[in-house]
Amino acid sequence: MRVVFNKKIALLIFIFCLQTSFFNAQDNIPKIQFPQGEITSVVLEAKIDSIINVLTLEEKVAMTHAQSKFSTKGVERLGIPEVWMSDGPHGVREEISWDAWENAGWTNDAITAFPALTCLAATFNPELSGEYGFNLGEEARYREKDVLLGPGVNIYRTPFNGRNFEYLGEDPFLASTMVVPYIKGVQKNGIAACVKHFALNNQEHLRDKINVEVSDRALYEIYLPAFKAAVQEGKVWALMGAYNKFRGQYTTHNKILNKILKTDWGYDGVVISDWSSVHSTKEAALYGVDMEMGTGTDGLGTTTNNHYQHYYLANPFLKALKKGELSEDLVNDKVRRILRLIYRTSLNPNRALGKMNNKEHHKVARKIATEGIVLLKNEDNFFPIKDKKGLTIAVIGENATRNMTQGGGSSQLKPLFEVSPLEGLRARYKNAKIIHTMGFESGASVYDEVVPASLNQDSLYVKAIEVAKKADIVLFVGGLNKSHHQDSEGDDREVFALPFGQEKLINGIQEVNKNLGFLLLTGNAVEMNWLPKTKGVIQTWYLGSMAGHAIADIVSGDVNPSGKLPFSFPKKLEDNAAHSFGKLSYPGIDENQYYKEDILVGYRWFDTRKIEPQFAFGYGLSYSSFKISDVKINQKKYSENDKIKVTFNVSNTGNREGAEVVQVYVGKYKSKVKRALKELKGFTKVNLEKGLQKTASVTLNVSDLAYYNTEISSWSLEKGTYYIYVGNASNNITKKIKFSIL
Ligand code: GLC
């Protein structure tokens, strides 16, 4: 039974208590009236001090751990509200039971499912990311949550990671640029975003045990930047630790939380554990976690009968504090951060009431989806497909109808509706005839329980070939899905190729119909030996409620695709960096793992080792064509505090409007340390009507070209020769310009 707090009454009681307690407790301090509008930090900290002074030790400890699956205690006598959290990064999860992972069976918690964050990253549109966060935050506010457990920013290191679909790709600059507006958008609603999972949670296999070893260079240059941007630019109010270990210590209570996060970066928010990622009272007390969630404690198993008093930060913590084994300063700092969170959220008198499932949200979800879809191949202008009488389009493949918002783990959603690719195509094509057959069936599986397919695969295959014969065009809708060992939390993929016999089916279809296009629903790269059999391929991600409409927008040409890949597609798995150094590199040996590719993740690896990817980071086609010209930089020689202004012309040389993403990479020539050939340091998306051109620019800070110098444990800017690389994909550079840093 949920203790339902009327937050307004609580707020009034709290203000009253606060003013009385504050004044009683500290009569010598001038009387502070409760300010309207933004609570200044001086006032806020003073208030928090006054509250901490009147809280009992029991009340303080109670605030630092769960009281239910997704909430922590408040202090009823002072009117301090509980803290309510909910997943996830793409939409507000259905209500979960108080004590168990089952859903609570509510009938008013169906929401808008936004596209997965990999699709958002593929838009290369930071403004859109701000809209994403704001609209999602409105739904979290409406569902009366205080913390939204997202976004996830773990870097895409291996195509096997089950949760890559939840994250922002392989490049730290892209992830950093896209995560900041999302956080600001969410928090405009008085809802805390919770950037996760800090840190080095780059696979699901053995995620709660694996000990990650990685160099400081790779840590600071690849795996931490998006978290740093979330904290220092996004001003994120919450952050979640991770399950894995780093250098032998669990990351949920780890030295790097106190040192890097809270000291070096000045993070003033709360650190929330992942669910059941706390393993020790002393470690949790000392090493940075502020709210313990999801611990399975009875018999140290993880069952639904969690006895909250046995949590590591519950009775054991209280006991250690009372015995003086742990300083009360430790619990005071945790409570200070929690109170700051409460003031920023539920006690923020200015926050709006939120909205849910409204037209604006559906419109934004569709816009993000269409802008994130990536056109990978388009031979003979296979796409777009015009809607005309007499045309028969066969839509074949389980992913044309399969629910893709359920499953996948904690980011799963219960949307008010989910338009499937088939429904979207049927709604858009009024003249052409659309015929459909399943083609293949994947069976269902949740975590480690695999339910085999129920239909006869051979009969599905035969039927698919028959249907393909009758059509002028075949749209194969396949890829992965959200079940176990696919794009799902809890474990990783085990096969790089398309599963469920899709390759055989594609070959069979192509035998009888050459007009074959592929709509690829995945959150990860897959092997594409079948590519030559297709005329067109569209990477469609997991798009949420408006999936089918967005896919139809692109397939029909109503919207010109402008997405770019946020991670590389290797031709074969061994071409991927993490898979080039044996098992210790991935998936690890005996729960130990070493990121041997170091800083050379993704295109950094392909560039530096001169390996050609199937499709490169930053790649994406358009129904139009663009030309980048007159690339210039403002100087030839720079010093550390200068800015590099890169200007260029972009022309739309095609026959329809569209958008191009101009990317700016930088590389050091003959560096004295190991460095990637080039690294993304800026980008801009340019929208142009056909036949028009625009001058655009990207400005870089010279100081951002530094590398992390492990000899001095700080950043160093090398002097000497560098190159700027400007193009529309990491492997399609239009212009290279030399410059030097003095
Ligand atoms: C899960 C996930 C985390 C999620 C949490 C609550 O294990 O790792 O991302 O927010 O538990 O569901």
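Throughout, read-outs are computed from the coordinates displayed, never taken from laboratory work. Not measured: the values here are computed from a predicted model. Cβ sites come from the backbone with ideal geometry, for glycine too, and all protein chains shown count toward neighbours.
A few remarks follow.
- For the range 52-58, Karplus couplings with θ = phi - 60° (6.51, -1.76, 1.60), whole Hz, Gly/Pro x: 4, 5, 9, 7, 7, 4, 4
- Ellipsoid fit via the Cα gyration tensor, the range 568-620: semi-axes of 22, 10, 9 Å, each the root of five times an eigenvalue, largest first.
- Per-peptide packing, taken as the mean over residues of other Cβ atoms within 10 Å, places 130-137, 247-254, 509-516 in the sequence 130-137, 247-254, 509-516 from highest down.
- Dipole in debye (nearest 20) - the range 568-620, about Cα centre, beta carbon charges: Lys, Arg +1; Asp, Glu -1: 180 debye
- Kirkwood Rh, angstrom, the range 373-566 [1 / mean 1/r, Cα pairs]: 16.7 Å
- C-alpha center-to-center spacing [the range 567-633, the range 384-443] in angstrom: 31 Å
- The peptide list 705-715, 617-627, put in order of mean Cβ contacts within 10 Å with the highest first, becomes 617-627, 705-715.
- Highest mean packing first, where packing is the average number of other Cβ atoms within 10 Å per residue, the peptides 160-171, 401-412 line up as 160-171, 401-412.
- Kirkwood radius and radius of gyration were both taken over the C-alpha atoms of the range 624-741, and their ratio Rg/Rh is 1.04.
- Phi-derived couplings, Karplus 6.51 cos²θ - 1.76 cosθ + 1.60 at θ = phi - 60°, listed residue by residue for the range 612-625: 7, x, 5, 9, 8, 3, x, 8, x, 8, 9, 7, 10, 9 Hz, with x used for Gly and Pro.
- Value of Rg to Rh for the chain (Rh from inverse mean 1/r over Cα pairs, i.e. Kirkwood): 0.98
- Sparse-neighbour loop sites [GluC sites (Glu not before Pro); the range 184-267; at most 15 other C-beta within 10 Å; DSSP]: GLU233
- Fewest-first ranking of HIS362, HIS197, using other Cβ atoms within 10 Å as the exposure measure: HIS362, HIS197
- Greater than 18 Å apart at Cα, pairs in LYS678/LYS719; LYS572/LYS668; LYS145/LYS245; LYS196/LYS674: LYS572/LYS668; LYS145/LYS245; LYS196/LYS674
- Separation of alpha-carbon centers, the range 673-742 and the range 46-96, rounded to whole Å: 44 Å
- Degrees separating the helix 126-142 axis from the principal Cα axis of the chain, which is the longest one: 50 degrees
- Here the sum of -39500 (n - 2.57) over DSSP H runs of 4 or more residues, divided by the residues of the chain, equals -7500 deg cm²/dmol at 222 nm, to the nearest 500.
- Charge dipole of the chain about the Cα centre (unit charges at C-beta), most positive-ward option of TYR638, TYR167, ASN108: TYR638
- Between helix 547-556 and the chain: long-axis angle, C-alpha atoms, 0 to 90°, nearest 10: 30 degrees
- Percent of C-alpha pairs per 10 Å bin in the range 147-221, short distances first: 18, 47, 29, 6.
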